[in-house]
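Enquirer: Can you read through this structure? Questions will come right after.
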Amino acid sequence: MGRGENTLPSIDVLVVEDDSLLNKVMTLQLEHEGMTVRRAFNGEEALSLIKAMVPSIMILDVKLPIVDAFGVIEELRKSSKTSKIPLIIHTSQDLSSLDQSRLTLGPSKFVTKSTGYSDGFADLIRTLVLEI
């Protein structure tokens, strides 16, 4: 699949990252790949956007202001409408296996922040969306 080509239905990505530069870079990269991207800079804003429309997939930083990733996931698990959202946990932290299990919804992957700059990032998103 080349850049900009997408044989999948439209993919709506919610990027939840408080680093404004990284949030912007991921957004531009994914839009270039033909995906629709919504952006949040804290967990509370993410939950509000999800309430308005459940995304195809969410990219979620762990350390967020107001509500962190653990709080976001805990809230999303309460509803069958949101408990299976494919998820990419995007972090610079080493997470314990307990933390990883607490941060899992539907198909989930854990990646380092540098992955957000890689050419394969959009392919990872497509793969996770296909797993649902």
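Enquirer: Tally time: how many residues in segment 63-99 are under 18 Å from E131 (Cα atoms) and more than 15 Å from the chain's Cα centre (by Cα)?
Expert: 2
Enquirer: Give just the number: which of (1) touching a helix residue (DSSP H, G or I) at 6+ places or on another chain (Cβ under 8 Å); (2) modelled with pLDDT under 90; (3) not basic (K, R) does S83 not satisfy?
Expert: Here S83 clears every test but (2).
Enquirer: Quick one: count up the residues across segment 71-103 that are under 19 Å from N23 (Cα atoms) and either assigned to a helix (DSSP H, G or I) or of a type in the set (F, W, Y) (or both).
Expert: Residues that pass the stated criteria total 1.
Enquirer: Got a sec? Which of L60, L30 is under 15 Å from the mean Cα position of the chain (by Cα) and assigned to a helix (DSSP H, G or I)?
Expert: Only one candidate qualifies: L30.
Enquirer: When you go through (1) modelled with pLDDT of 95 or more; (2) surrounded by fewer than 16 Cβ atoms within 10 Å (Cβ to Cβ) one by one for Q100, which number turns out not to apply?
Expert: (1)
Enquirer: Being under 11 Å from the mean Cα position of the chain (by Cα) and part of a helix (DSSP H, G or I) narrows it down to one of A46, A122, so name that one.
Expert: A46
Enquirer: Any idea which of (1) under 14 Å from the mean Cα position of the chain (by Cα); (2) at pLDDT 95 or above; (3) farther than 12 Å from V16 by Cβ is the one A52 doesn't satisfy?
Expert: Condition (1) is where A52 drops out.
Enquirer: So, one more: Tell me, please, whether a residue that is more than 15 Å from R126 (Cβ to Cβ) and assigned to a helix (DSSP H, G or I) can be found in segment 3-16.
Expert: Within segment 3-16, none of the residues are more than 15 Å from R126 (Cβ to Cβ) and assigned to a helix (DSSP H, G or I).
The values are calculated or read from the model by the stated rules, or taken from the named source; none is laboratory data. Since this is a predicted model, take the numbers as computed values, not measurements. Quick reminder, even Gly has a Cβ in these numbers, built from the backbone with ideal geometry, and neighbours come from all protein chains shown.
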